[in-house]
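The values are calculated or read from the model by the stated rules, or taken from the named source; none is laboratory data. On a predicted model such as this, the values are computed, not experimentally measured, just so you know. Every residue, glycine as well, gets a Cβ built from its backbone with ideal geometry; the counts of neighbours run over all protein chains shown. Heavy atoms of the whole protein, side chains included, go into the accessibility calculation; ligands, DNA and RNA do not. Shrake-Rupley method; radii C 1.70, N 1.55, O 1.52, S 1.80 Å.
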Amino acid sequence: MHDFIQSLSVAVRDAAESGRALCVTGGDTKRFYGGEPIGDVCAMESYAGIINYEPTELVITAKAGTRLHDLEDTLAKSGQMLPFEPPAFGERATIGGTVACGLSGPARPYRGAARDLVLGISCVNGKGEVLKFGGQVMKNVAGYDVSRLMVGSMGTLGIITEVSLKVLPGAQCSVTRAFELSAQAALKKMTGLFTQALPVTASAWHDGVLRVRLSGVEASVNAASQELGGEDDPAGDPFWLDLKEHRLAFFDGPLPLWRLNVKPHIEPLDLPGAFLIDWGGSTYWLKSDASVETLDSMARSVDGYVMRFRGGDRSVRCGGLDGVAMRLNRQLKDAFDPKHVLNPGRLPL
Amino acid sequence: MSAPLNDLFVAELLRALPAHAVLLSAEERRPYECDGLSGYRALPGVVLLPDQLSQVQKILSLCQEYSVPVVARGAGTGLSGGATPHPEGVLLSMARFNQVLSVDRVAGTARVQPGVRNLAISEAVAPDGLYYAPDPSSQIACTIGGNVAENAGGVHCLKYGLTVHNVVSAQVVLMGGEVVEIGGQALDNPGYDLLAAFIGSEGMLGVVTEITVRLLPKPKAAKALMASFNTVEGAADAVARIIAAGIVPAGLEMMDNPAIVAAEDFVHAGYPRDAAAILLCELDGGPEEVDADIETVSSLLYDCGAQSVAMARDEAERVRFWSGRKNAFPAVGRISPDYYCIDGTIPRRTLGEVLTGISSLASEYNLRVANVFHAGDGNLHPLILYDAGKPGEFERTEELGAKILQLCVRVGGTITGEHGVGLEKIDQMCFQFGSGELDQFHALKAVFDPDGLLNPGKAVPTLSRCAEFNAMHVHGGQLPHADLPRF
């Protein structure tokens, strides 16, 4: 076993025995996300490097501390990419942190989420046990799918040490079509795209403009552009990148940033603040100082939930879990980390 | 023969359910004694056929109260014994939950009951130009509830994913009768991904009573190519080259010579009987993309030494190309009294090594093997031909199967790509996972089913079982305690 993993395992066991909390940290780019981090820093950044990458297998395996940008550069050299377009929120973002946070970018409704692309995970659970789930193959149904369970768990079930991901060929060509539309008309068009056989890879509405990205081979993208209509948006690529990284002007300013994940619908929510609709109508980004109760009931009206994404009061609990589901979540935490050593409080349980 | 169950328990069942939903006589229970893995049989204590959520809740609450094991069952097409009954337990058939409840054309989803057949979902939404993507070969018969239990795949998984990628939420009844919705109607959901844990859990965590599936628009164009090779390596190389060229085919399947001959003799799909291997490659998407990809793939196939490359001229021929592959199992069934299907997954680059290994193992055991391969995603189905009538041949077959799975694990693969562990591969779990992982699986299971009443003895072996199994292994496959029940 690698010395780093050995000492990580000992550190977790010690923490569990002495009742201390560990704050598992990659590149520290998503510290703002979830509950307030507490505990002794357990730094993963130095455990870095690509372990295995064979482009013809469409699989990459890397140590958790590998920088997301390094991994993406490696893939790009073989014309491949991470299909879920994860946001980095900083140069130092690591693949371990990316998977632990489980965030996906604009392509998510069309190419899948972080959880869809994870094939295997090695981790250290809250008892200090070094474990390995899943593998480096596309199809694997041996045992419960613990690797997917780890995605988005914010490091609260286990410290991710290595991860295998499915990758895909990058698109030869990408164009963005823009339409001047009201939120209502945009929602109608966006949701309609779910059932149309077009190579859509992103769609978002903001400030009276709906943008739709089409990707694939050039002839296909050109034909789809014709069919879809709208205007060509030459600034499309930077728009999607800035949306993914929250660098659009919309994300500036002191108000808290909320996210409402909802069932796609046609009547836009009348939200109390500036908003941007992403993911084909199934996510609203909102800048607002409204109360969590107000936003929660609005989200629930369309079968969704609200989460505080950045800024505001981190101690206010939100996220839509209750009843039996909440109990199962808490018991799962206990099953992996009985002493609550790992990132306590980062997930609203 | 009467059911070997507590009389009070049976009386309560009869109060909770209409008489026709409770099968007590041996004759009525007999049809449920096995699933698609028919080598394993047990007469269930009682068969229940509820058609209401409240009935399922009541059944699971009574089973909890009386400590009665429960095995849920869909259509019984599973190939790993996941639905093999418990002789003192309830066999819970979900067959009467067979309605498509709603189709949401805005969200592109359908809400269905678990007993709906896989293919029936696509048929129900076909007028809208939509379909449900995962298409296991048993899709005419298998149910979506069973697909969720096994995380079923199919021939289009490389591009369109498995069940876990195409189900967005599920209503689940836990042991004791509580109902919970896992997953959600949004794309990302709060808390841990319980749905991911549930899909492929082989009926060990709860009973699914409603499922929301994602629907996809039918691609505008689909074309299929068939290429023949005089070496298996040539075909394997072609697969790698196609992927390296940035093409993700909708389906990419390989068959070796014994499988080709069996399929050709059975369905006359037009396969060349003298080829060492054939590749079937389906490309779909916009017509422009499909045309461009067909050209690229054809020339790559020839570069890799293809003897011939044929494109299906029309839909009928495309279906005919696939019919050989989809009927490969029954085709092999015609040339041998019995066959045993293995379900390993391997990194694709190790295919040559693994096929050579299988072939030498097969001669060691004096058995024939035909191979069909989901080449795109590395899922290999060696079919071992045997005759159950010959004494000891089934045991030799099982041993050969276990050796093949060990080989898959050794090259970095897994013991089951899509059929599940069930009863069949429970011992092989011991060499895929260590005691730490198995302990973690048991802890996860206990969250949902603390008394271990759901599908006991399946999917995840106990540590003592593995200790026994590993001890047996030391003796090089010679079972030291042949009288011990192994399953």
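List the residues of region A:262-307 for which accessible area in the full set of protein chains is at least 40 Å² lower than for the chain on its own; 1.4 Å probe, protein heavy atoms only.
Residues meeting the cut-off: A:K263, A:P264, A:Y305.
Which of A:G155, A:G208, A:G134 moves most in a GNM of chain A, Cα contacts under 10 Å?
A:G208
How big is the dipole moment of region B:243-284 about its Cα centre under a simple scheme where the beta carbon of each Lys and Arg is +1, that of each Asp and Glu is -1, and everything else is neutral? Debye, nearest 20, please.
In total the dipole reaches around 60 debye.
What's the carbon and sulfur percent of region B:336-473's accessible surface, probe 1.4 angstrom, rounded to a whole number? Before the final figure, lay out each step's value.
Details: 2310 of 4450 Å².
Accessible surface attributable to carbon and sulfur in region B:336-473 totals 52 percent.
Using only protein heavy atoms and a 1.4 Å probe, report how much of A:E85 is accessible, in Å² to the nearest 10.
Accessible area of A:E85: about 40 Å².
Which stretch or stretches of region B:347-367 have amide N atoms under 19 Å from the point lying 7 Å from B:A388's Cα along the Cα→Cβ direction?
B:367
Is there a pair in A:K63/A:K139; A:K139/B:K58; A:K333/B:K425; A:K263/B:K220 whose C-alpha atoms are over 24 Å apart, and which pairs would that be?
Working: A:K63/A:K139 22 Å; A:K139/B:K58 36 Å; A:K333/B:K425 29 Å; A:K263/B:K220 27 Å.
Beyond 24 Å: A:K139/B:K58; A:K333/B:K425; A:K263/B:K220.
If you fit an axis through the alpha-carbon atoms of helix B:7-16 and take the longest principal axis of the Cα set of chain B, what angle between them do you get, 0 to 90°, nearest 10?
Taking the Cα atoms of chain B, the angle to B:7-16 is about 70 degrees.
Post the alpha-carbon centroid distance, region B:406-427 to region A:170-207, in whole angstrom.
Their Cα centres are 42 Å away from one another.
To the nearest 0.05, what FRET efficiency results for B:Q52 and B:D7 with a Förster distance of 30 Å applied to their C-beta separation?
Details: r = 25 Å, r/R0 = 0.82.
Working from the Cβ atoms, E equals 0.75.
Can you tell me the accessible area per residue over region B:186-270, all protein chains present, probe 1.4 angstrom, in square angstrom? Display every interim value, and only then the final one.
Numbers: 2190 Å² over 85 residues.
Accessible area per residue: 26 Å².
Under a Cβ-Cβ cut-off of 11 Å, what is the net charge of the residues other than B:L300 that fall near it, where Lys and Arg count +1 and Asp and Glu count -1? Mind dumping the intermediate values first?
Numbers: positive: B:R241; negative: B:D237, B:D293, B:E295, B:D303.
Net charge in that neighbourhood comes out at -3.
With the Cα gyration tensor of chain A in hand, convert its eigenvalues to equivalent ellipsoid semi-axes via √(5λ) and list them largest first in whole Å. Spell out each step's value before the answer.
On the way: eigenvalues 236, 130, 55 Å².
Taking √(5λ) for each eigenvalue gives 34, 26, 17 Å, largest first.
With heavy atoms of protein chains only and a 1.4 Å probe, what residues of region B:346-374 have at least 30 Å² less accessible area in the full set of chains than alone?
Residues shielded by partner chains are B:R348, B:R349.
Would you please give the FRET efficiency between B:V411 and A:Q331, computed as 1/(1 + (r/R0)^6) with r the Cβ-Cβ distance and R0 = 41 Å, to the nearest 0.05? Numbers along the way, then the final one.
Working: r = 37 Å, r/R0 = 0.90.
Calculated value: 0.65.
Where only protein heavy atoms count, and the probe is 1.4 Å, what is the accessible area per residue for region B:7-93 in Å²? Don't skip to the answer; put the middle values down first.
On the way: 3340 Å² over 87 residues.
Result: 38 Å² of accessible area for each residue.
Percentage of Cα-Cα pair distances in region A:3-169 greater than 27 Å, rounded to whole percent? Please report the intermediate quantities before stating the final value.
Numbers: 2634 of 13861 pairs.
When every Cα pair of region A:3-169 is considered, 19 percent fall beyond 27 Å.
Let me know the shape class of the protein assembly as shown, please: from the alpha-carbon gyration tensor, a ≥ b ≥ c as square roots of the eigenvalues, rounded when a/c is under 1.5, otherwise prolate if a/b is greater than b/c, or oblate.
Values: a/c = 1.43, a/b = 1.17, b/c = 1.22.
Because its axes are fairly even, with a/c under 1.5, the protein assembly as shown counts as rounded.
Considering only protein heavy atoms, what per residue accessible area in square angstrom results for chain A with a 1.4 angstrom probe? Show your work: numbers first, answer last.
Numbers: 12520 Å² over 349 residues.
With all protein chains present, chain A gives 36 Å² per residue.
Which whole number gives the average count of other chain Cβ atoms within 10 Å of the Cβ atoms across peptide B:432-445?
5
Using just the helices of chain B, give the 222 nm mean residue ellipticity in deg cm²/dmol: DSSP H runs with n ≥ 4 each add -39,500 (n - 2.57), and the total is spread over all residues, rounded to 500. Mind showing how you got there, number by number?
Values: 18 runs with 179 residues, N = 487.
Estimated from H runs of four or more residues: -11000 deg cm²/dmol.
Summarise the accessible area of region B:7-93 (1.4 Å probe, protein heavy atoms) by the percent that is carbon and sulfur.
Values: 1680 of 3340 Å².
The nonpolar share, carbon plus sulfur, comes to 50 percent.
Using alpha carbons only, how many degrees (0 to 90, rounded to 10) separate the axis of helix B:315-326 from the longest principal axis of chain B?
60
A:V316 to A:D14: FRET efficiency via 1/(1 + (r/R0)^6), r the Cβ-Cβ distance, R0 30 Å, to the nearest 0.05? Let's see the in-between values first.
Working: r = 33 Å, r/R0 = 1.09.
The formula returns an efficiency of 0.35 here.
Would you mind classifying region B:7-93 by shape? Square roots of the alpha carbon gyration tensor eigenvalues, ordered a ≥ b ≥ c; an a/c under 1.5 is rounded, otherwise it is prolate if a/b is larger than b/c and oblate if not.
Details: a/c = 1.78, a/b = 1.69, b/c = 1.05.
Verdict is prolate for region B:7-93.
I'd like the accessible area for B:E88: 1.4 Å probe, protein heavy atoms, all chains in place, Å² to the nearest 10.
B:E88 has an accessible surface of roughly 100 Å² with all protein chains in place.
Expressed as a whole number of Å, what is the distance separating the alpha-carbon centroids of region A:132-166 and region B:124-195?
Centre-to-centre distance over Cα atoms comes out at 19 Å.
Please determine, in degrees from 0 to 90 and to the nearest 10, the orientation of helix A:323-336 with respect to the longest principal axis defined by the Cα atoms of chain A, where the helix direction is its Cα long axis.
40
Can you give the mean number of other chain Cβ atoms that lie within 10 Å of the Cβ atoms in peptide B:414-421? Can you show the working numbers first?
Values: counts 10, 4, 5, 6, 3, 1, 2, 3.
Per residue, the number of nearby Cβ atoms from other chains is 4 on average.
For region B:261-314 and region B:50-115, what is the separation of their C-alpha centers, rounded to whole Å?
40
Expressed in whole Å with the largest first, what are the equivalent ellipsoid semi-axes of region B:100-217 derived from the C-alpha gyration tensor as the square root of 5 times each eigenvalue?
Details: eigenvalues 88, 49, 38 Å².
That gives 21, 16, 14 Å for the three semi-axes.
Determine the share of chain A's accessible area contributed by carbon and sulfur atoms, expressed in whole percent, with a 1.4 angstrom probe.
Roughly 49 percent, rounded to a whole number.
Put simply, what bits of region B:260-301 lose 20 Å² or more of accessible area when the other protein chains are there, versus the chain on its own (1.4 Å probe)?
Flagged in region B:260-301: B:E288, B:E289.
Beyond a 31 Å Cα-Cα separation, which of these cross-linked pairs lie in this structure: A:K30/A:K189; A:K166/B:K458; A:K30/A:K188; A:K30/B:K458?
Values: A:K30/A:K189 33 Å; A:K166/B:K458 29 Å; A:K30/A:K188 33 Å; A:K30/B:K458 40 Å.
Result: A:K30/A:K189; A:K30/A:K188; A:K30/B:K458 exceed 31 Å.
Can you classify chain B as rounded, prolate or oblate using the Cα gyration tensor, where a ≥ b ≥ c are the square roots of its eigenvalues, rounded means a/c under 1.5, and otherwise it's prolate if a/b beats b/c and oblate if not? Each step should come with its number before you reach the end.
Values: a/c = 1.90, a/b = 1.31, b/c = 1.45.
Taking the square roots of the gyration eigenvalues as a ≥ b ≥ c, chain B is oblate.
Mind checking how much accessible area B and A bury in total, 1.4 Å probe, in Å² rounded to 100? Walk me through the intermediate numbers first.
Details: alone 20360 and 15710 Å², together 29720 Å².
Interface between B and A: roughly 6400 Å².
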